[in-house]
Amino acid sequence: MPKSVATACTPAASFAHAGTVQRDWCGDALAKLRQEAARSADTHLLKLDLPGFPGIAFYFKDEAAHPTGSLKHRLARSLFLYALCNGRLQRGQPVVDASSGSTAISEAWFARLLGLPFTAVMPACTAPGKIGDVDALGGTCDLVDDPADVHARAAWHAARGACHLDQFGLAERATDWRGNNNIAESILQQLALEPDPEPAWIVCGAGTGGTSATIGRYLRYRGLRTRLCVADPSGSGFANGWHSRDRAARATQPTLIEGIGRPRVEPGFVFEVVDAVLEVDDGDSIAAMWLLEDLLGRRYGGSSGTNLVACLRLAADMRSRGERGSIVSLLCDRGERYDRTLFDREWLRARGIDPRPARERLARLVATGAQVGSAMAP
Ligand SMILES: *Cc1c(COP(=O)(O)O)cnc(C)c1O
């Protein structure tokens, strides 16, 4: 008897049984995710008073403090929830995603929690510290030479049965933008007792676009006047696309800043909720990342530096108009991941970058408000 006939004759009861087993497993997996969330604390909102900007308070949400070291902890939890609740993830099924590293680490962590094999498709140039973290969590790294190939490679794994978590396709919808302690709700709650609880600006980068979409939507939902600024590497896909509202735009410059500065307009980029885009040269981002260590006594990644530069530009603009208020941004990931790249003087020198002059210029701006040179002009 041909196999297809046998399948057609399978009693309905055994389909029902298979469905029950799957639903039981799904329920257990969701319970594990809820337990993980209950064990986790929220991340701190650190306040920085910069002497050069009296009357302007700076707050940085320390997303490096998540168990997996970056803001992608939130996203990975949401993506697994979304896959489970959509019935797309089965017991024992391999899981795959394309990532510049941070998401892969967080997804590897949740895959291990749920007992699922995980493969991260990453550019071969990803910081070695991140590749090591995925390995340590039991994940497999599939490295591709051309960063533009990661999506096709993830689709290749999905065609062979893996569940594609699809951070770039789904980040914007997997996150509950109305609340549920999303990052925007958390920030605003933590600001409640501050002198300026409704910030003038919130600043973030754009990788999947999930963070900016969630913040932008939530600000409208809550009826706040706070404006949203995306800080991205100069010539990024987001920056080029946002200025011309062109979803076919491409990056016109490569970047050394991981997690942001995408080569294309990702499906999750919601241009309409973004009020300003500030483009930051890699040299300034790296200098600011070094400066953050001086200011906070801890290392954070390159995109946190990009955010700081944008905050200072917005603050300088506010000060020049005599405005007071607060500016909020994110510390996106742990700096240790870049010990052998952006925090390594030799590595930078080989790429023609010396962070010292820009760091001194930024330090002077932070201390005195004095602008030296043109790179910091709004
Ligand atoms: C992903 C990422 C971002 C950008 O966040 P999205 O929500 O994906 O836009 C910024 N910094 C780092 C280090 C990231 O990994």
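The values are calculated or read from the model by the stated rules, or taken from the named source; none is laboratory data. All values derive from a computational prediction rather than experimental measurement. Glycine gets a Cβ as well: all are built from the backbone with ideal geometry, and neighbour counts include every protein chain shown.
Quick notes on this one:
- In segment 301-321, residue farthest from residue 190 (Cα to Cα) [restricted to those that are within 13 Å of the ligand (Cβ to nearest atom) and hydrophobic (A, V, I, L, M, F, W, C)]: 310
- Hey, residue 82 surrounded by fewer than 24 Cβ atoms within 10 Å (Cβ to Cβ), part of a helix (DSSP H, G or I) and either touching a residue at least 40 places away in the same chain (Cβ under 8 Å) or away from the ligand (no atom under 16 Å from the Cβ) (or both) or not: yes
- Of all residues making up segment 89-102, the number that are in contact with an Asp or Glu (Cβ under 6 Å, 6 or more places away or on another chain) and not in a loop (DSSP other than H, G, I, E, B): 2
- Residue within segment 298-308 that is assigned to a helix (DSSP H, G or I), in contact (Cβ under 8 Å) with a residue 24 or more places away in the chain, of a type in the set (Val, Ile, Thr) and crowded, with 22+ Cβ neighbours inside 10 Å present: yes
- Members of segment 322-364 found to be closer than 30 Å to residue 192 by Cβ, away from the ligand (no atom under 16 Å from the Cβ) and surrounded by 14 or more Cβ atoms within 10 Å (Cβ to Cβ), listed by number: 324, 325, 326, 327
- Among the numbered conditions (1) within 16 Å of the ligand (Cβ to nearest atom); (2) touching a residue at least 40 places away in the same chain (Cβ under 8 Å); (3) surrounded by fewer than 23 Cβ atoms within 10 Å (Cβ to Cβ); (4) of a type outside the set (Ser, Thr, Tyr), the only one that residue 271 does not meet is (2).
- If you check 172, 194 for being in contact (Cβ under 8 Å) with a residue 60 or more places away in the chain, within 16 Å of the ligand (Cβ to nearest atom) and of a type outside the set (Gly, Ala, Ser), only one passes: 172.
- Counting only residues that are surrounded by 18 or more Cβ atoms within 10 Å (Cβ to Cβ) and assigned to a loop (DSSP other than H, G, I, E, B), segment 138-156 holds 1 of them.
- Count of segment 67-103 residues which are touching a helix residue (DSSP H, G or I) at 6+ places or on another chain (Cβ under 7 Å), modelled with pLDDT of 95 or more and on the phi > 0 side of the Ramachandran plot: 1
- Any hit, segment 213-227, residues being out of contact with any strand residue (DSSP E or B) (no Cβ under 8 Å at 6 or more places or on another chain) and within 12 Å of the ligand (Cβ to nearest atom): yes
- Residue within segment 305-327 that is farther than 25 Å from residue 43 by Cα and hydroxyl-bearing (Ser, Thr, Tyr) present: yes
- Evaluation of residue 99 against the conditions (1) surrounded by fewer than 24 Cβ atoms within 10 Å (Cβ to Cβ); (2) of a type in the set (Gly, Ala, Ser); (3) within 16 Å of the ligand (Cβ to nearest atom) shows that the sole unmet condition is (1).
- Residues within segment 103-137 that are among the aliphatic types (A, V, I, L, M) and in a helix (DSSP H, G or I), tallied: 9
- Any chance residue 39 is in contact (Cβ under 8 Å) with a residue 40 or more places away in the chain and over 14 Å from the mean Cα position of the chain (by Cα): no
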